[in-house]
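Reading through the structure tokens given below for one structure.
Laboratory data are not the source of any read-out in this text; all were calculated from the coordinates shown. All values reported here derive from a predicted model rather than from experimental measurement. FYI the Cβ positions are ideal-geometry reconstructions off the backbone, even for glycines, and counts take in every protein chain you see.
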There are 6 protein chains.
Amino acid sequence: MRIHIVAPITTPGLSRVEDFTDYAAPGTEVSVSILQDGPASIESQFDEAIAVPEVLRGVLDAQESGADAVIIDCMGDPGLGAAREIARIPVFGPGQTSMHVAALMALNFSILTTGASVEGIFPDLVRRYGMTDQVNSIRTVDVPVLELGAEELLRERLQRQAELAHDEDGAHAIILGCTGMRGWARMLQDHLAATGRTPIPVIDPIAATFSVAQALAGIGLAPSVRSYPSPPRKPVAGFEELMAVMGR
Amino acid sequence: MRIHIVAPITTPGLSRVEDFTDYAAPGTEVSVSILQDGPASIESQFDEAIAVPEVLRGVLDAQESGADAVIIDCMGDPGLGAAREIARIPVFGPGQTSMHVAALMALNFSILTTGASVEGIFPDLVRRYGMTDQVNSIRTVDVPVLELGAEELLRERLQRQAELAHDEDGAHAIILGCTGMRGWARMLQDHLAATGRTPIPVIDPIAATFSVAQALAGIGLAPSVRSYPSPPRKPVAGFEELMAVMGR
Amino acid sequence: MRIHIVAPITTPGLSRVEDFTDYAAPGTEVSVSILQDGPASIESQFDEAIAVPEVLRGVLDAQESGADAVIIDCMGDPGLGAAREIARIPVFGPGQTSMHVAALMALNFSILTTGASVEGIFPDLVRRYGMTDQVNSIRTVDVPVLELGAEELLRERLQRQAELAHDEDGAHAIILGCTGMRGWARMLQDHLAATGRTPIPVIDPIAATFSVAQALAGIGLAPSVRSYPSPPRKPVAGFEELMAVMGR
Amino acid sequence: MRIHIVAPITTPGLSRVEDFTDYAAPGTEVSVSILQDGPASIESQFDEAIAVPEVLRGVLDAQESGADAVIIDCMGDPGLGAAREIARIPVFGPGQTSMHVAALMALNFSILTTGASVEGIFPDLVRRYGMTDQVNSIRTVDVPVLELGAEELLRERLQRQAELAHDEDGAHAIILGCTGMRGWARMLQDHLAATGRTPIPVIDPIAATFSVAQALAGIGLAPSVRSYPSPPRKPVAGFEELMAVMGR
Amino acid sequence: MRIHIVAPITTPGLSRVEDFTDYAAPGTEVSVSILQDGPASIESQFDEAIAVPEVLRGVLDAQESGADAVIIDCMGDPGLGAAREIARIPVFGPGQTSMHVAALMALNFSILTTGASVEGIFPDLVRRYGMTDQVNSIRTVDVPVLELGAEELLRERLQRQAELAHDEDGAHAIILGCTGMRGWARMLQDHLAATGRTPIPVIDPIAATFSVAQALAGIGLAPSVRSYPSPPRKPVAGFEELMAVMGR
Amino acid sequence: MRIHIVAPITTPGLSRVEDFTDYAAPGTEVSVSILQDGPASIESQFDEAIAVPEVLRGVLDAQESGADAVIIDCMGDPGLGAAREIARIPVFGPGQTSMHVAALMALNFSILTTGASVEGIFPDLVRRYGMTDQVNSIRTVDVPVLELGAEELLRERLQRQAELAHDEDGAHAIILGCTGMRGWARMLQDHLAATGRTPIPVIDPIAATFSVAQALAGIGLAPSVRSYPSPPRKPVAGFEELMAVMGR
């Protein structure tokens, strides 16, 4: 099986093949692409909007080159619905997938995300995915996506917000609300247990999404054509190159 | 006051100034723009995705040229969230506005829309806007957007589906689920009453959205910066022109 | 257009024509009536109950004398459903209208109201209007309606509760939960922004309701006869005068 | 214990002591009062509105004369909230009580009520009482309240609608949606079983409400003062007699 | 009438006939049985699981010996659904019954229960019974079931958590979340009022459940066969004795 | 990795290792156990109740013998919560897992299950798992579990109910509501497409649950200890052998 990751950003080095291969079954290959044109990171609906056309192209390119499934590597799931409409292979988003994984593992959960600029995005996703009654809180660490590499700061902020999610909000699980936070789930989970708290799962969205995508693509499941119907063909002005790639 | 209409399509003649001036208060001016590049009509999430970048440009152009409010002229509200993030003037979408108007006027409602390709869009909107318990049904007339000019066919299909929404689904109100259906609300409302049914309001999304946008812009209300935060500035590759226009 | 305001109280001077004319379009006339018999203010379901018969009379009087729409000037919307059943012109309530306006402008909102005696009324309204998942909190300033004129006290209390709604409850918007609080929205909105908080809209229920009522009446929308059917005629003992006025 | 029934109508003979004594425990006394002024029956929110002031007086009269609990004998629960605010004894409504009893006995239920004029009332009650996800359907027999004595017609219509609620709507229980339908529950229940259907409970609202009111009053439970706070005292113009009776 | 109480535990003396007779109408007899094999107390889903087979036997024994209704004496309602499937007499659970009683008496409520080990059980019950929007909080006193006899400790902890439920969570009512807490409701209710708080009902689950069970059994209501269908007969290996008792 | 399947029934041959190995990644071993004592099939809450103690033993036996995850092979998820409380390895149920997989793939879905006796179980599961707004309908083929081998009958009934779920209920996906229906998903999916319907995914619960369990166990995720706390140790009468096995 081949799973392709579309990172909806132009910054190289944030989505790397080696971030995913840990979760790959024997025989699963991973490829990653980033955008040529688009935002350096996704921290608003505006960033999503300008990333989406190239994301769609990336999804179709991956399908063309033989991928069996695609993951859009961002918690906001930018372009997920449109990608499912135009692709014949299954497309997954870490926002949707992580919430369902959390709901499988716990009666409710909190989301720890980056900063205030995405606070508007998450309530909208939570409603779209029918998770209103399962979400305890959405908390932010106030670290911009492109500065998530500041390890000490991030560690401290994640620990603080995870403690508050656990103690004040009563979270039974925590989702790391940015795929750029990959690698921190185990630390946080251990930190909560080590500080005498009831252990709760901390969900790494990339681990959860990659493994579930691999699983469901493996059994041949694809998104519903009724939920994501094939777009009617019609004249499109401009965007010719995109359209040509899309074979439409 | 000046209200600008961004039609998120490239087809001229579907959104006309005169479609809105009926609802304009004395002193309100209306302007309309269509897209240069983009889809001929919006009938899928894919169409929305490729329309949105130019929609955003249209919103910013309108703001630049002194508009007091903008309406994105499509029931799917493509780009509404992103537009609210980047504009200082209020932006409205007919999907969201019509549902709130319907809920103000009736205990529940049905939506009559164009065809199967948008059947996936509406349940998603209904959830986002918190209207799940108010919606009786989403019905389609199976007429593509670009063929809505076929008057006899459309009349017959609208009547049939409105009757079913009233009789089978128990709708207390009906929303016309495509802004291209403007002008048919009165006919449908009269038809239901003339055929001995309990009268119910049929909501023209353009009338409802224009008049409410004009009203709320008139009292100085703008969307919440907390729901639609200003996007953090950051490097953007490509899209230079767009970015320049946006003054970012 | 003529919009009539029924203040469901006997206290003169609280609902004044000049409170509404700011929001009136050119050509819109405003008239106001108060009750002859009834409570001095509305601060309980009991107050509402004894006000409603005269409110209904006021609505019918307004219709009789040529009004195009009526607003019942109280956040509890006393008599709204019954008024819609008996009137041919549209009737609006600021409770219902303000919540829909808030939901159009923000992902969620808090309500700031007067005192503990109305704390039971708001959760009930929130459920009736399907807003449970949109409401962050209902907070009170602990100032009786008839003492809302105590400017310094009110300002201080409103600021304090608005800060808490913003900071503790995470409100993306605030509704002033008493029409007697008209005039304070701008101050509160500015206060929150001036104190370094993310700006959020503060909704004046009178401005929101008057402007939306004017807008929807202007396009000829009326409440659904299926949600608000005309009451069957039948013998009524007593209440003759009321009935006579109602032409029933 | 003494339980008083306030029938919120002026028609004598519809609420009779003997309708309740079957459900009275040894030692429970029943008294019934009707209105002097008010509607002949309740079939609209308008009817409710003009009945409520006298209903409140009836509740206070009952308290004055030593009743331990009051039932407002109408499925719309007219005046229930206001009555709970002003009375020291518990007040019950058959709408609210029957829905909770049905939800105790079955996973979901349908309501069979009188005619189209109350179709607007029930969805509102269902939302207020948080029963949206438990209600399958609201069906009507199209028989006015004052003609419920037409036994053959009523039997036939009830059977037909109960069959449809069972077969088409999948109801796991049925509530008779008018207290004037008392006495028909057993027949309907037997009819459904006798026609080969899975047996489901049919709930007589009077039996359910009287027995639960008696039970809860018996253990000293009273409605929450926080949900139904005591109304602040204040000047009231007119309604002197009412106020005097109310000891306010 | 005879009401039998099945205490789903092996510890004698926790469920006593005299705990129920206060709520018995004249002519109602009470009997109590405990388990021979099973857990000493119920504090987990595991405890429930191993208690349930004997609970079912206890329900059938009670039916055999002429009981008119059965109550399973534990807030988790262990075996309630299965018991309703196999018994011809109505079976009640204090978890479900108390929540409906609380919702009849107040707009929302909190639950005070024993310790962290049941914190997972309550959110599940709340969802099953459709009470998500009515529950403010679930709080624990951190006292194991078998130590609820430590009066001073329990009193102090109950008071503290009730105060927090009232003040922090805004509870309009409180349910004692363990049938072993019987007898404390009045004290708590008085404590809240005596400390200057708005009075709210505190619901003793045994009082509420016994009185409602007696009331509904008294009017011949039984759980829906459609919600709780009779289990198909089929071969069962082992459990012969159980099966024999069950007459299956 | 080793995944153990506990079939909560005594009938041999219904859960076979070879039913799962198709979905096993290289290196994943599968083992299956059935019950010694218990029901021949699960078709009621009663069947579940008497199966659960042995299911728990089976889960602990599997853990003892080195399994990395356990699946309880029944759509009703009997004993899932209790098993998660007592096991250190993750335990999955096909009811819960399939619903989350369906919700990942489609905006809504229907469930096709065996017969009327489980119609009460599914609405309860749907509520527990927070899926109320995603479920279109629950339909039955009226074939007992132990007769699912009647291929022609089953095919015909499945096709008929799937068509109705698609056409009448508007399902965007279908879940086969009995793990004994394994193997039919592809046929049904093809049948719907072959008959000119919009293709929708038909979810085989075993394929979905095995592959997701394998995926999530593979990344080390385990159910939340806060949702499924370890049961407090305490005296247990009888069930000694069970307890001994459990090492408690």
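Of the trypsin sites (Lys or Arg not before Pro) found in region E:56-132, the ones in coil according to DSSP and having at most 14 other Cβ atoms within 10 Å of their Cβ are E:ARG88.
Using θ = phi - 60° in the Karplus curve 6.51 cos²θ - 1.76 cosθ + 1.60, the 3J(HN,Hα) couplings for region B:206-216 round to 6, 4, 5, 6, 4, 5, 6, 4, 4, 5, 6 Hz; x is entered for Gly and Pro. Label points for B:ARG88 are taken 7 Å from Cα along Cα→Cβ. From this copy to the others they lie 4.9, 5.1, 6.3, 6.3, 8.0 nm apart, shortest first.
In peptide C:7-20, what is the residue-averaged number of other protein chain Cβ atoms found within 10 Å of each Cβ? Mind dumping the intermediate values first?
Numbers: counts 0, 0, 2, 5, 3, 0, 0, 0, 0, 0, 0, 0, 0, 0.
For peptide C:7-20, the averaged partner shielding equals 1.
The largest-to-smallest principal axis extents of the Cα set in the protein assembly as shown are 86, 85, 61 Å. Here the chain A residue lying nearest the rotation axis onto D, judged by its C-beta and given with the distance in whole angstrom, is A:ASP133, 6.
When the distances between all Cα atoms of chain C are binned every 5 Å from zero, what whole-number percent does each bin get? The percentages, shortest bin first, are 1, 6, 14, 18, 19, 17, 12, 7, 3, 1, 1, 0, 0.
Reported value for region A:95-205: 85 Å³ per residue, from the convex hull of its C-alpha atoms. Among rounded, prolate and oblate, which fits region C:105-149 when a ≥ b ≥ c are the square roots of the eigenvalues of its C-alpha gyration tensor, a/c under 1.5 means rounded, and a/b larger than b/c means prolate? Since a/c reaches 1.5 and a/b is larger than b/c, the shape of region C:105-149 is classed as prolate.
Compactness of region F:54-100 was expressed as the Cα radius of gyration divided by 2.2 N^0.38 Å, which yields 1.04.
The antiparallel fraction among DSSP beta bridges confined to the protein assembly as shown stands at about 10%. For region F:95-205, relative contact order (Cα pairs under 8 Å, six or more residues apart, normalised by length) works out to 33 percent.
Relative contact order of chain B, taken over Cα pairs closer than 8 Å and 6 or more residues apart, is 20 percent. With label points set 7 Å from Cα along Cα→Cβ, the inter-copy distances at B:LEU153 are 4.8, 4.8, 5.9, 6.9, 7.8 nm, sorted shortest first. Annotation for B:GLY183, label-to-label distances across the other copies: 4.9, 6.0, 6.0, 6.1, 8.0 nm (shortest first, one decimal, point 7 Å from Cα along Cα→Cβ).
Report Rg(Cα)/(2.2 N^0.38 Å) for region F:1-141, keeping two decimals.
1.04
For n ≥ 4 DSSP H runs only, could you compute -39500 (n - 2.57) per run for chain C, divide by its residues and tell me the 222 nm figure to the nearest 500? After summing the helix terms and dividing by the residues of chain C, the value is -12000 deg cm²/dmol. Spatial offset of region D:132-182 relative to region B:7-45 amounts to 49 Å, using the alpha carbon center of each. Shown here are the Rg and Dmax of the Cα trace of region E:10-53, at 13.1, 38 Å. Close amide H pairs (under 5 Å, H built 1.01 Å from N) link A:ILE175 with A:SER110, A:ILE111, A:LEU112, A:ILE203, residues at least 5 positions away or on another chain.
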